[in-house]
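Report on one structure; see the data block that follows.
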Amino acid sequence: MKMKTGTSPFFSAQRKGINYNRRLSDAIAWLRFPLIFFIIMLHCYSVKSLEGSHDTYFKLVYPLALWLGETGVPGFFFISGYLFFLSKKSYPEKLKGRLRTLLVPYLLWNALLFSLYVALYATGHPQDINGRSMADYGFVDYLRLFWDRGTYDDGNFVPLLCPLWYIRNLMLMSVFSPILFYAIRYLREFLIVGLAFWWMTTYHNAFIPQTLLFFSLGAYFSLLGINPLEQFTKAKFLLFSLFFVCAMGDIVSHTFLDTPINLQIHRASLILNIPVLLLLADLCTRKGWACKTLTDATFIVFCVHYPIVVALRKITIGQFSDASDTTHFLLYLACVVISTLLSLMVYQILDKHFPRFKNIMTGSR
């Protein structure tokens, strides 16, 4: 699969003395941990809701949990789509690689959590999964836990370890990548605009259109031979201006001034967050502000943070149910920090004492 393109941005960049390919690679590596951190901020808000009205709490938490927090997964899909089609490997070779880097870890992490549920159930602790007791589960129900936990939820279905819906959808995009290749080849910008319209007009989480849009957007740059960092750098004044306007519009419309198009403002803001984050990541790498350990820890943190977040949020909300909104916001921040640090601690333990196990659970990432 090969598309005809014009002069490669790589060579034009080289003539100018700027290696945008290397800078893009460094920026993507740097950005991985912040995107995971955004996901943790989202989950520390979404896994457990406060009972009653907490208007001040929502206003305080929205910029972190939703404006930034919901940028994490779209950012990863954009990067994944770009890198998938950037690779010169054949389609069978790419799928074979993803068996090791995606499918095996996906199955193992879900199996590990499933084993924990079974152990607790076997020792006399009743377990409910998605509102249904394990006592009512049959063989097919157990298998289904590895796909959607027993509910499709209008396309927002998740496996037993909820955040791994991203890995599952990424595997599906890899399988159907030849279709996407031809769709981008013949439809180009029309495909991206159509997917963006679908996503921006679909309520709730919209996992399916989100997956297709951002993976396709990354693939678009690869297949047309366009270095996104170079293009974003050329348009950085416009991008930062639009970013600021949409960010303010998103935060204000959700915290002070409700509008009929809150969802569309929010999702436009999420789209603009990605090029701005890539530009900021490029700046940080050129300044030498990078930490390889954080980058290496990304996949482990992604897989282990969710149960930690769930436990912490249940404890803090249960113990401080009558606390003020300001206190709940501080507890939210504490959960974000503690969940991140505990997840990094798990990575450090695995990396130091169980490196072979870590390699298996991460697909040797």
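We did not get these values from a lab; they are worked out from the coordinates using the rules stated. The structure displayed is predicted, hence computed values, not measured ones. Every residue, glycine as well, gets a Cβ built from its backbone with ideal geometry; the counts of neighbours run over all protein chains shown.
Specify the residue with the greatest mean-square fluctuation among ALA135, ALA29, ALA297, computed from a Gaussian network of the chain linking alpha-carbon atoms under 10 Å apart.
Maximum among the listed residues: ALA135.
Could you state the angle between the C-alpha long axis of helix 165-175 and the longest principal axis of the C-alpha atoms of the chain, as a value from 0 to 90 degrees rounded to the nearest 10?
Around 40 degrees separate the two axes.
Do any chymotrypsin sites (Phe, Trp or Tyr not before Pro) in segment 241-290 lie in a loop, going by DSSP, with at most 11 other beta-carbon atoms within 10 Å of their beta carbon, and if so which?
PHE256, TRP289
When the chain is treated as a GNM, springs tying every alpha-carbon pair under 10 Å, which of ALA183, ALA119, ALA235 comes out with the largest mean-square fluctuation?
In this elastic network of the chain, the residue with the biggest mean-square fluctuation among ALA183, ALA119, ALA235 is ALA119.
To the nearest 10 degrees, how steeply does helix 207-223 sit against the main Cα axis of the chain, on a 0 to 90 scale?
Between the helix axis and the principal axis of the chain, the angle is about 30 degrees.
Just want to confirm a number: the relative contact order over the chain, from Cα pairs under 8 angstrom separated by 6+ residues, in percent.
Rounded, it is 31 percent for the chain.
To one decimal place, what orientation-averaged projected area in nm² is obtained for the convex hull of the Cα set of segment 9-362?
Working: hull surface 79.8 nm².
Taking the Cα atoms of segment 9-362, their convex hull projects to 20.0 nm² on average.
So which trypsin sites (Lys or Arg not before Pro) in segment 63-146 pass both tests, a DSSP loop state and at most 16 other Cβ atoms within 10 Å of the Cβ?
Of the trypsin sites (Lys or Arg not before Pro), the ones in loops of segment 63-146 whose Cβ has at most 16 other Cβ atoms within 10 Å are LYS88, LYS89.
Below 12 angstrom from the Cβ of PRO209, what's the summed charge of the other residues (Lys, Arg +1; Asp, Glu -1)?
0
Which three semi-axes in whole Å describe the equivalent ellipsoid of segment 99-240, each the square root of 5 times a Cα gyration tensor eigenvalue, listed largest first? The partial results should precede the final answer.
Values: eigenvalues 288, 50, 41 Å².
Semi-axes, largest first: 38, 16, 14 Å.
Rounded to the nearest Å, what's the spacing between the alpha carbon centres of segment 316-351 and segment 121-142? Just the number, please.
28
Rounded to two decimals, what is the ratio between the C-alpha radius of gyration of segment 271-342 and 2.2 N^0.38 Å?
Normalised Cα radius of gyration, segment 271-342: 1.46.
If you wrap a convex hull around the alpha carbons of segment 214-365, what volume per residue comes out, as a whole number of Å³?
178
With a cut-off of 8 Å between alpha carbons and a minimum separation of six or more residues, what is the relative contact order of segment 177-238 in percent?
Relative CO of segment 177-238 lands at 33 percent.
Which one, SER177, SER339, SER53, has the greatest fluctuation when you compute a Gaussian network model over the chain with C-alpha springs under 10 angstrom?
SER53
Go ahead and run the numbers for FRET between PHE256 and LEU283, Cβ-Cβ distance against an R0 of 51 Å, rounding to 0.05.
Step by step, r from the Cβ atoms, then E = 0.95.
List the chymotrypsin sites (Phe, Trp or Tyr not before Pro) within segment 296-365 that fall in a DSSP loop (any state other than H, G, I, E or B) and whose Cβ has at most 11 other Cβ atoms within 10 Å.
none
Roughly speaking, what is the centre-to-centre gap between segment 40-99 and segment 210-224 when only Cα atoms are used, to the nearest Å?
16
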